[in-house]
Amino acid sequence: MFFYKTLHEEILRGINESLFAVEGNFDVILNETKKEFEGHVTFVVFPLVKQAGKSPEVIGETLGNWLINNSTIVEKYNVVKGFLNLSLKDSFWLEAFSKIQQKEYFSSRKPTGEKVLVEYSSPNTNKPLHLGHIRNILLGWSVSKILEFEGNEVVTTQVINDRGIAICKSMLAWKKWGEGKTPETTGIKGDHFVGDFYVKFEQEFVKEYTAFSESEEGGKIYLGQKKENQEKTDFFKVFKNTYFNEFSPLGAEARNMLLEWEAGANDTIQLWKQMNGWVYEGFDTTYKTLGVSFDSVYYESETYILGKKVVEEGLVKGVFYRLPDSSVWIDLEDAGMDKKIVLRSDGTSVYITQDIGTAIKRYEDFGAKKMIYTVADEQDYHFKVLFEIAKRLGEPFADGLFHLSYGMVDLPTGKMKSREGTVVDADDLIAEVISEAKLNAGERGELAHMTVEEQENIFYKIGLGAIKFFIIKVQPQKRMIFDPKESVDMQGATGPYIQNAFVIIQSLFRKSDSATQNKTFMLPETLNEGEKTLIQLLMSFPEVISNAAKQYEPSGVANYAYTLAKEFHKYYHETRILSAETASLIDFRLSLSKEVANALQTSLNLLGIEMPDRM
């Protein structure tokens, strides 16, 4: 970090003059001092032990004393085992703050010339977006914004899974039991409307299965199958696919509909287009509510044939091999995986073939050598295989593929199940959290003077901020529980808590009658610890964003914003801002608050969260 350049140089000089002559490029690594210890910056001395021939404590004391006598920055020090904790002079923090005040400090970086494609959402058209999709969308969107902020050209995309047996189930259910109803005639949002028929199919399928198992003919098959699977406690799960594919009339109708779709039967294609259109309208409404969009959209109905040509070319190169039954495979055992089929014996593609074909198509469309796939961790193995195949094919983008893997999202009440209709729809969840935000605001009574429209706009920003922050603050790899009530807590690590810090700062400026926007005020000679802490956090902003971009990890930005908000809340309650002793001190503290607001707003903007002016 450029703020500590002088300190780096002084520590290196101190090592040379007080301990031993450094050979080569010695890397001076500084960390923020842990809260339980006194100091601002910590230098770890363990790497010096061997060359100095002294204990870590002696090295720390020797170097600390040298810095006290020779450094222009260090005010005092303490040694805790092998850690040299340094307290820096007020002049250092004031100079750093002057640099932070530069207009471009919280602005996006210069273009890098690198293009990155980020895929997220990628839903099925047989059901509405749900809580799991929300985590997917928010992760992908925030990563795209962070990468863009760091100067990359970002292309956002999704693949809509609009074909297959699951889609035919909802189509068949509407055809049999829909009675010609539409989203318009029922007032039900399009994706919810179609999703209800997917659930309806499952309900009717279970009824059919139950009747079959109780019949004389079905009972014999059922008992025979159950005897072979005695160890299975849930026999329905064991026998379900067999029943669907071999005995179920509904299963036969759904499979026949899929064959008609693949053959291009006009009636089936028209029904498919109509129902998908209803779903897309519903999706678009939810995306708009979440504040996300896409630069491009791919459809599985168009991409499922991609990759077959690639397989044929790979066969010539020896990347793939063909078995006597004409199926095509790749052997990945030397990479710690297994043998993977890439083309069935009948010549049809599998998902991995489709995905490699889609990746190549995207590269042709956009020229992005980096592609990020935001997909749940249940597909970890799939992407390992996909990326390894891309490498063996020698694709120019192979080394830039990344799976942004994330864990499932549960509710306090437990898991969600699509087919049983127990999934928490994204729209319902958003409405619930906004309602919680409204309830909290009503109890506080601070918006009573505003119009209904103004209040609703604030509730919307608070509710969406609560959802987004609560989800993004958790590292993607971790499974999480989303609690709507906890997400709007004004005292916890929540979006509303951070938004409130921003609102307080806006209130300070509204209440101030001095020329607080003036940057020519005189800086104070001394700072309190709260001011030093805030300046140090502001200093770390570029590094936080840079690390988030490198690691495709937005939770670091979320937790940085929370820490900054928490320290500001503490500073606000402990320090006189508008009633400080002098006008210059008021101006300084307001200016510091303004930079905190800038950092908070920029950070949350990268997470897709809007700031209200009042709460």
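Would you please report the Å³ per residue occupied by the convex hull of the alpha carbon atoms in segment 265-324? Mind showing how you got there, number by number?
Details: hull volume 9.5 nm³, N = 60.
Spelled out: Cα convex hull of segment 265-324, divided by residues, is 158 Å³.
Sort T289, T353, T210, T33 so that the residue with the fewest other Cβ atoms within 10 Å of its own Cβ comes first and the one with the most comes last.
On the way: T289 15, T353 27, T210 12, T33 21.
In order of increasing Cβ crowding within 10 Å: T210, T289, T33, T353.
So which lysines pass the test for K288, namely a Cα distance under 19 Å, with those fewer than 8 places away in the same chain ruled out?
Within the straight-line limit of under 19 Å, K288 reaches these lysines: K127, K145, K189, K461, K468.
Given points 7 Å out from each Cα along the Cα-Cβ axis, report the L315 to H8 separation in nanometres with one decimal.
If labels sit at L315 and H8, their model points lie 5.6 nm apart.
Going by how many other Cβ atoms sit within 10 Å of their own, how do E75, E595, E581, E312 line up, fewest first? Intermediate results must be reported in sequence, preceding the final value.
Numbers: E75 16, E595 19, E581 9, E312 12.
Placing the least packed residue first, the sequence is E581, E312, E75, E595.
Distance from a point 7 Å along Cα→Cβ of E378 to each backbone N in segment 159-200: keep the residues under 19 Å and list them by number.
159-170, 195-196, 198-200
Below 14 angstrom from the Cβ of S121, what's the summed charge of the other residues (Lys, Arg +1; Asp, Glu -1)? Show your work: numbers first, answer last.
Values: positive: K127, R135, K288; negative: E119, D162, D191, D284, D295, E300.
Overall, the nearby charge balance is -3.
Mind checking which lysines have their C-alpha under 19 Å from K594, skipping anything on the same chain fewer than 8 residues away?
Counting by Cα, and skipping residues close in sequence, K594 has these lysines nearby: K99, K103, K511, K519, K532, K566, K570.
How big is segment 329-398 by the Kirkwood estimate over distinct Cα pairs, in Å? Intermediate values should be presented prior to the final figure.
Values: mean 1/r = 0.0775 Å⁻¹.
That comes to 12.9 Å for segment 329-398.
What's the angle, to the nearest 10 degrees (0 to 90), between helix 235-246's Cα axis and the longest principal axis of the chain?
Approximately 50 degrees, to the nearest ten.
If each Cα of segment 2-88 is one equal point scatterer, what is log10 of I(q)/I(0) from the Debye formula at q = 0.13, 0.15, 0.22, 0.27 Å⁻¹?
These q points yield log10 I(q)/I(0) values of -0.35, -0.47, -1.08, -1.65.
For segment 509-615, just the Cα set please: Rg and Dmax, both in angstrom.
Over segment 509-615's Cα set, Rg and Dmax evaluate to 14.9, 45 Å.
Let's test this: bin the Cα-Cα distances of segment 99-167 at 10 Å from zero up to the farthest pair and state each bin's percent.
P(r) over segment 99-167, rounded to whole percents: 19, 34, 25, 15, 5, 2.
When the helix-only estimate is applied to the chain (DSSP H runs of n ≥ 4, each -39,500 (n - 2.57), divided by the residue count), what is the mean residue ellipticity at 222 nm, nearest 500 deg cm²/dmol?
Values: 24 runs with 340 residues, N = 615.
-18000 deg cm²/dmol, from helical runs alone.
By how many degrees, between 0 and 90 and to the nearest 10, does the Cα long axis of helix 555-574 differ from the longest principal axis of the chain?
40 degrees
Which loop-located chymotrypsin sites (Phe, Trp or Tyr not before Pro) does segment 295-334 contain, where loop means any DSSP state but H, G, I, E or B and the Cβ has at most 13 other Cβ atoms within 10 Å? Can you show the working numbers first?
Values: sites: Y298, Y299, Y304, F320, Y321, W329; in loops: Y304, F320.
Those that pass, being in a loop and sparsely packed, number zero.
For the residue pair T348 and Q274, what label-to-label distance in nm results when each label sits 7 Å from Cα along the Cα-to-beta-carbon direction?
In this crude label model, T348 to Q274 measures out at 2.6 nm.
Compute the convex hull volume of the Cα atoms of segment 426-606, divide it by the residue count, and report the result per residue in Å³ as a whole number. Before the final figure, lay out the partial values.
On the way: hull volume 24.1 nm³, N = 181.
Per residue, the Cα convex hull of segment 426-606 comes to 133 Å³.
Using 0.36 nm per residue, how much length does the chain from K35 to H449 gain when fully extended, once their Cα-Cα distance is taken away? Don't jump to the answer; show the numbers that get you there.
Working: separation 414, 0.36 × 414 = 149.04 nm, distance 4.13 nm.
144.9 nm is the gain from fully extending K35 to H449.
In the P(r) worked out for the chain, what percent of Cα pairs fall beyond 38 Å?
Looking at the chain, the distances longer than 38 Å represent 48 percent of pairs.
Using Cβ contacts closer than 10 Å as the measure, can you line up V409, V424 from fewest to most? Each step should come with its number before you reach the end.
Working: V409 23, V424 19.
Going from least to most buried by this count: V424, V409.
Just grab the label-to-label distance for K207 and A431, each label 7 Å out from Cα along the Cβ direction, in nm (one decimal).
2.6 nm
Coordinate-derived values only; no laboratory data. The model shown is predicted, which means the values in this text are computed figures rather than measured ones. Neighbour counts are summed over all protein chains in view; Cβ atoms, including those assigned to glycine, are modelled from backbone coordinates with ideal geometry.
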